[in-house]
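Input: a single structure, listed below in structure tokens.
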Amino acid sequence: AQKVTQAQTEISVVEKEDVTLDCVYETRDTTYYLFWYKQPPSGELVFLIRRNSFDEQNEISGRYSWNFQKSTSSFNFTITASQVVDSAVYFCALSEARAGSYQLTFGKGTKLSVIP
Amino acid sequence: DTGVSQNPRHKITKRGQNVTFRCDPISEHNRLYWYRQTLGQGPEFLTYFQNEAQLEKSRLLSDRFSAERPKGSFSTLEIQRTEQGDSAMYLCASRGGAAHYEQYFGPGTRLTVT
């Protein structure tokens, strides 16, 4: 069965520091999709990124970057020069192609606090 | 471009009462999901619709839960005979066609059962 592990429950950093959020996944499927979502204090989950299992290219979007490594089943998320607005709970999620619904399996989330 | 909307945003009910939540997906999205999120946890899948057909249900969805999407547009989630353990945030998400795998979430309905 699919599983997503976010070992870091809470992280605190000082503004402008870089921070990496870890995500390790388990799946038996050969085609799958990985996601990161942000949940700010307001509560609404905001989609950040999707990666396909067949595309291991890392991605950068502004201060955000993602490192996908199939060899270690990891999909880590780095925020460069963190800002107070980055404070939120971040979720890593997985969906499998063989589940026709492509339902998401989430990790427990990492709460990031950026201190000014 | 409107996102996913959910009503009500908050619901307080007494144990044993029935409650119903509504979700309006992004208009062009034909796939709709319900999830439940409890404090300190990630969302957990409840059920999935493609158009009006309910194609998958989680074992979390007990007999007291029912969901509908009668015309393939909005959806409702009903909980009968609520229990305190039903207290949670109920999230709705939608996604577009077959090649679009990311789901977009609504703000959720927070249910408190007293």
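Residue B:71 passes every criterion in (1) in contact with a strand residue (DSSP E or B) (Cβ under 9 Å, 6 or more places away or on another chain); (2) without any contact (Cβ under 8 Å) to a residue 24 or more places away in the chain; (3) more than 10 Å from chain A (Cβ to nearest Cβ); (4) not β-branched (Val, Ile, Thr) apart from (1). Only one of the numbered conditions (1) away from every other protein chain (no Cβ under 11 Å); (2) over 11 Å from the mean Cα position of the chain (by Cα); (3) among the charged types (D, E, K, R) is not met by residue B:24, and that is (2).
Out of all the residues in segment B:82-91, is one or more surrounded by fewer than 18 Cβ atoms within 10 Å (Cβ to Cβ), within 17 Å of residue A:103 (Cα to Cα) and within 12 Å of chain A (Cβ to nearest Cβ)? No: segment B:82-91 contains no residue that is surrounded by fewer than 18 Cβ atoms within 10 Å (Cβ to Cβ), within 17 Å of residue A:103 (Cα to Cα) and within 12 Å of chain A (Cβ to nearest Cβ).
Just to confirm my filter: which strands (runs of 3 or more DSSP E) fall fully inside segment A:64-116 and include at least 2 residues that are more than 12 Å from chain B (Cβ to nearest Cβ)? Filter on segment A:64-116 gives A:64-69, A:74-79, A:110-115. Just one of the listed residues (B:101, B:35) is within 14 Å of another protein chain (Cβ to nearest Cβ) and surrounded by fewer than 21 Cβ atoms within 10 Å (Cβ to Cβ), and it is B:101. Within this structure, residue A:69 passes the test of being among the polar types (S, T, N, Q) and touching a residue at least 12 places away in the same chain (Cβ under 8 Å). Looking across A:43, A:109, one residue alone is modelled with pLDDT under 95 and on the phi > 0 side of the Ramachandran plot. It is A:43.
Scanning segment A:29-59 for residues that are polar (S, T, N, Q), surrounded by 12 or more Cβ atoms within 10 Å (Cβ to Cβ) and away from chain B (no Cβ under 14 Å) yields a single hit, A:58.
Residues that are loosely packed, with under 12 Cβ neighbours inside 10 Å, hydroxyl-bearing (Ser, Thr, Tyr) and either within 14 Å of chain B (Cβ to nearest Cβ) or assigned to a strand (DSSP E or B) (or both): does segment A:10-28 have at least one? No, every residue in segment A:10-28 fails to be loosely packed, with under 12 Cβ neighbours inside 10 Å, hydroxyl-bearing (Ser, Thr, Tyr) and either within 14 Å of chain B (Cβ to nearest Cβ) or assigned to a strand (DSSP E or B) (or both). Residue pairs whose Cβ atoms lie under 6 Å apart, sitting 6 or more positions apart in sequence or on different chains, and linking a residue in segment A:33-46 that is closer than 17 Å to residue B:94 by Cα to a partner that is acidic (Asp, Glu), do not occur here. Determine whether segment A:13-35 contains at least one residue that is at pLDDT below 95 and among the acidic types (Asp, Glu). Yes, because at least one residue in segment A:13-35 is at pLDDT below 95 and among the acidic types (Asp, Glu).
Here residue A:7 clears all of (1) at pLDDT 95 or above; (2) assigned to a strand (DSSP E or B); (3) under 16 Å from the mean Cα position of the chain (by Cα) except the condition numbered (2). Examine segment B:59-70 for a residue that is modelled with pLDDT under 95, buried (at least 17 other Cβ atoms within 10 Å of the Cβ), within 15 Å of the chain's Cα centre (by Cα) and more than 20 Å from residue A:39 (Cβ to Cβ), and state whether such a residue exists. Taking every residue of segment B:59-70 in turn, at least one turns out to be modelled with pLDDT under 95, buried (at least 17 other Cβ atoms within 10 Å of the Cβ), within 15 Å of the chain's Cα centre (by Cα) and more than 20 Å from residue A:39 (Cβ to Cβ). Within the span defined as segment B:19-38, every residue fails to be free of Cβ contacts under 8 Å to residues at least 12 places away in the same chain and in contact with a Phe, Trp or Tyr (Cβ under 7 Å, 6 or more places away or on another chain).
The values are calculated or read from the model by the stated rules, or taken from the named source; none is laboratory data. Not measured: the values here are computed from a predicted model. A quick note on method: Cβ atoms are made from the backbone with ideal geometry, for glycine too, and the neighbour counts reach across all protein chains shown.
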